[in-house]
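Input: a single structure, listed below in structure tokens.
Each reported figure results from applying straightforward, stated rules to the coordinates on display, with no laboratory input. Keep in mind the model is a prediction, meaning the values are calculated, not measured. Every residue, glycine as well, gets a Cβ built from its backbone with ideal geometry; the counts of neighbours run over all protein chains shown.
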């Protein structure tokens, strides 16, 4: 799995995008502190989160829902919105 972040400005225009974390075939460790650090570096007003499921299954897992919730809360503390978290199958 890979976890990517797309950084957006106030007009929801793409500033930058990068792969922040790379894991194993079925899991990636995501660190909210690093996501916040990179979002602040890019002076982002919002971020779109994205990761893949090599299995092809695009239904969010319990872990997916939990990390999304944690990131929304953490990024909210520094006024950065999370309009979406995408899961790509395959």
Would the range 50-58 turn up any residue that is more than 13 Å from residue 4 (Cβ to Cβ) and within 12 Å of the chain's Cα centre (by Cα)?
no
Being out of contact with any helix residue (DSSP H, G or I) (no Cβ under 9 Å at 6 or more places or on another chain), surrounded by fewer than 13 Cβ atoms within 10 Å (Cβ to Cβ), in a helix (DSSP H, G or I) and free of Cβ contacts under 8 Å to residues at least 40 places away in the same chain is the requirement here; does residue 57 meet it?
no
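Residue under question is residue 10, and the condition is that it be surrounded by fewer than 13 Cβ atoms within 10 Å (Cβ to Cβ) and either part of a strand (DSSP E or B) or without any contact (Cβ under 8 Å) to a residue 60 or more places away in the chain (or both); does it hold?
Working: surrounded by fewer than 13 Cβ atoms within 10 Å (Cβ to Cβ): yes; either part of a strand (DSSP E or B) or without any contact (Cβ under 8 Å) to a residue 60 or more places away in the chain (or both): yes.
Against the criterion (surrounded by fewer than 13 Cβ atoms within 10 Å (Cβ to Cβ) and either part of a strand (DSSP E or B) or without any contact (Cβ under 8 Å) to a residue 60 or more places away in the chain (or both)), residue 10 qualifies.
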Checking the condition in contact (Cβ under 8 Å) with a residue 24 or more places away in the chain, assigned to a helix (DSSP H, G or I) and surrounded by fewer than 17 Cβ atoms within 10 Å (Cβ to Cβ), which residue from 38, 27 passes?
38
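Scan the range 62-75 for residues that are out of contact with any strand residue (DSSP E or B) (no Cβ under 8 Å at 6 or more places or on another chain) and surrounded by fewer than 19 Cβ atoms within 10 Å (Cβ to Cβ) and jot them down.
Filtering the range 62-75 down to residues out of contact with any strand residue (DSSP E or B) (no Cβ under 8 Å at 6 or more places or on another chain) leaves 62-63, 65-67, 69-70, 73-74.
62, 63, 65, 66, 69, 70, 73, 74 - these are the residues of the range 62-75 that are out of contact with any strand residue (DSSP E or B) (no Cβ under 8 Å at 6 or more places or on another chain) and surrounded by fewer than 19 Cβ atoms within 10 Å (Cβ to Cβ).
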